[in-house]
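S.K.: Please read through the structure below; I'll follow up with questions.
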Amino acid sequence: MTSAIVTGSPAEALVLGIETSCDETGVGLVRGRTLLADAVASSVDEHARFGGVVPEVASRAHLQALVPTAHRAFATAGVTPNDIDAVAVTAGPGLSGALLVGVAAAKAYALALDKPLYAVNHLSAHVAVDLLGNGPLDEPCVALLVSGGHSSLLLVPRIGGEDVVELGATVDDAAGEAYDKVARLLGLPFPGGPPIDRLASSGNSAAIAFPRGMTGPRDEPFSFSFSGLKTAVARWVEARAKVGETVPVADVAASFQEAVVDVLVTKARRAAAEVGATGLCLAGGEAANSSLRERWLDACIADGLRAFVPSRTMCTDNAAMVAAAAWYRLALDGPSSLASGADPALRFPGY
Ligand code: KG4
Ligand code: ZN
């Protein structure tokens, strides 16, 4: 167990962040609220032919990429390991073997350098990252977290605090997962978000009226469901193919995207109004989506809310977000034990 603590001002600490929860090996360096380096090596190409991330392939890729990625981050930031004040690492949720690679590396740095270790929740890190763009979140803030594995609406009084409230979550597929599945049935590559996003820009979003899940009067106001939408897209495409009609792929992509974005933005606005939030934060890989970003900013202007929208590169998995989450933690509580491990099913909120 390390007794190391941050010496000097926690608000200006130099934090090394490490992220290996899925298929991106990330090493980031953040001083205070300033991003110094964000090095990412992705194994996504190795998974593409399987249509999803293969855990064992991801773990091996992390092992190979971690040291070179760390060297790249230190070189870009112009600092050495001896300069860092704290080490932050994604402890979960994520793929077990993949997480272990990052956690082992972070512990090695912390032990060798005698610096405190902060185990970070991957989802908190997604929400925290806009610290580096727009500064600390308003309190209270409503955050929409949309990634490949999660879709939740959160009330975030303090990132990393135990008082984050999950207002609602998906009852089936995550939004990013729906993108990946719809892309597959349209013959588009994995991950499906970026190609659907591109294709949708040339399609008619009003061409097909796909269903908006969980928007009935009796449905949970802040929960989501994207499985029915995915099935509706599949049925629509199958029906066209059956009668030999060409599938208007761009219109399908645009109409599908419209159905997803409409529900996400509508529910987020409703949540912000209900809890009296002053800020609306968009987070997670899906937050890179052009239409969602545009509609989010429009909604914030219309409702008089401060918009927290990270840059596109900061939305998908990276380690700068892990260091950003630690920035909030440094002022809140002590470091994690070196005995703490990776937790693939790490609960949320927490960390
Ligand atoms: O947060 P993330 O990088 O990894 C997880 O923690 O899951 O999110 C990955 C997800 C994928 O499902 C991907 O299709 C989606 O984010 N995504 C997008 C876009 N870029 C990435 N979805 C829609 N539009 C995009 N431009
Ligand atoms: Zn993520």
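The values are calculated or read from the model by the stated rules, or taken from the named source; none is laboratory data. Source: prediction; values computed, not measured. Reconstructed Cβ throughout: ideal geometry from the backbone, glycine too, with neighbour counts over all protein chains shown.
S.K.: Quickly run through the stretch 62-84 and pick out the residues that are touching a helix residue (DSSP H, G or I) at 6+ places or on another chain (Cβ under 7 Å), aliphatic (A, V, I, L, M) and outside any helix (DSSP H, G or I).
M.R.: Across the stretch 62-84, the qualifying residue is only Ile84.
S.K.: Now a separate question. Could we say that Asp172 is away from ligand 2 (no atom under 16 Å from the Cβ) and under 29 Å from Ile196 (Cβ atoms) here?
M.R.: Spelling it out, Asp172 is indeed away from ligand 2 (no atom under 16 Å from the Cβ) and under 29 Å from Ile196 (Cβ atoms).
For every residue, the table says whether it meets (1) at pLDDT below 95; (2) touching a helix residue (DSSP H, G or I) at 6+ places or on another chain (Cβ under 6 Å).
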| residue | (1), (2) |
| --- | --- |
| Pro194 | no, no |
| Ala207 | no, yes |
| Pro211 | no, yes |
| Gly216 | yes, no |
| Phe222 | no, yes |
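S.K.: Output the residue which, of all residues in the stretch 45-76 that are more than 17 Å from Val101 (Cα to Cα) and of a type in the set (A, V, I, L, M, F, W, C), is surrounded by the fewest Cβ atoms within 10 Å (Cβ to Cβ).
M.R.: Phe50
S.K.: Tell me the residue from Ser205, Ser223 that is surrounded by 15 or more Cβ atoms within 10 Å (Cβ to Cβ), within 15 Å of ligand 1 (Cβ to nearest atom) and over 30 Å from Ser42 (Cα atoms), please.
M.R.: One residue alone meets the criteria, Ser205.
S.K.: Another question, if that's okay. Modelled with pLDDT of 95 or more and in contact with a His (Cβ under 7 Å, 6 or more places away or on another chain): does that describe Leu229?
M.R.: Taking the combined requirement at face value, the residue does not satisfy it.
S.K.: Let me ask another. Restricting to the stretch 34-49, what's the tally of residues that are of a type outside the set (S, T, N, Q) and at pLDDT 95 or above?
M.R.: Of the residues in the stretch 34-49, 7 are of a type outside the set (S, T, N, Q) and at pLDDT 95 or above.
S.K.: Leu66: more than 30 Å from Leu185 (Cβ to Cβ) and aliphatic (A, V, I, L, M), yes or no?
M.R.: When the stated conditions are applied, Leu66 passes them.
S.K.: Kindly indicate the residue of the stretch 175-196 that is within 16 Å of ligand 2 (Cβ to nearest atom) and outside any loop (DSSP other than H, G, I, E, B) and also nearest to Glu274 (Cα to Cα) among those meeting that condition.
M.R.: Within the stretch 175-196, the match that is nearest to Glu274 (Cα to Cα) is Ala175.
S.K.: Any chance the stretch 156-167 includes a residue that's in the same structural domain as Leu264 (by TED's automatic domain parsing) and free of Cβ contacts under 8 Å to residues at least 60 places away in the same chain?
M.R.: Yes.
S.K.: Hey, can you tell me all the residues within the stretch 1-42 that are part of a loop (DSSP other than H, G, I, E, B) and within 15 Å of ligand 2 (Cβ to nearest atom)?
M.R.: Matches in the stretch 1-42: Thr20, Ser21, Cys22, Asp23.
S.K.: From Val156, Val164, which residue is in contact with a Cys (Cβ under 9 Å, 6 or more places away or on another chain) and over 21 Å from Cys22 (Cβ atoms)?
M.R.: Result: Val156 is the single residue among Val156, Val164 that is in contact with a Cys (Cβ under 9 Å, 6 or more places away or on another chain) and over 21 Å from Cys22 (Cβ atoms).
S.K.: Okay, moving on. Suppose we filter Ala91, Ala128, Ala108 for residues that are without any contact (Cβ under 8 Å) to a residue 60 or more places away in the chain and small (Gly, Ala, Ser); which single one remains?
M.R.: Answer to the check: Ala108.
S.K.: Quick one: would you say Asp45 is among the charged types (D, E, K, R), within 16 Å of ligand 2 (Cβ to nearest atom) and not assigned by TED's automatic domain parsing to the domain that holds Lys181?
M.R.: no
S.K.: Which residues, counting only those in the stretch 226-283, are under 30 Å from Ser311 (Cβ atoms) and hydroxyl-bearing (Ser, Thr, Tyr)?
M.R.: Result: Ser255, Thr266, Thr278.
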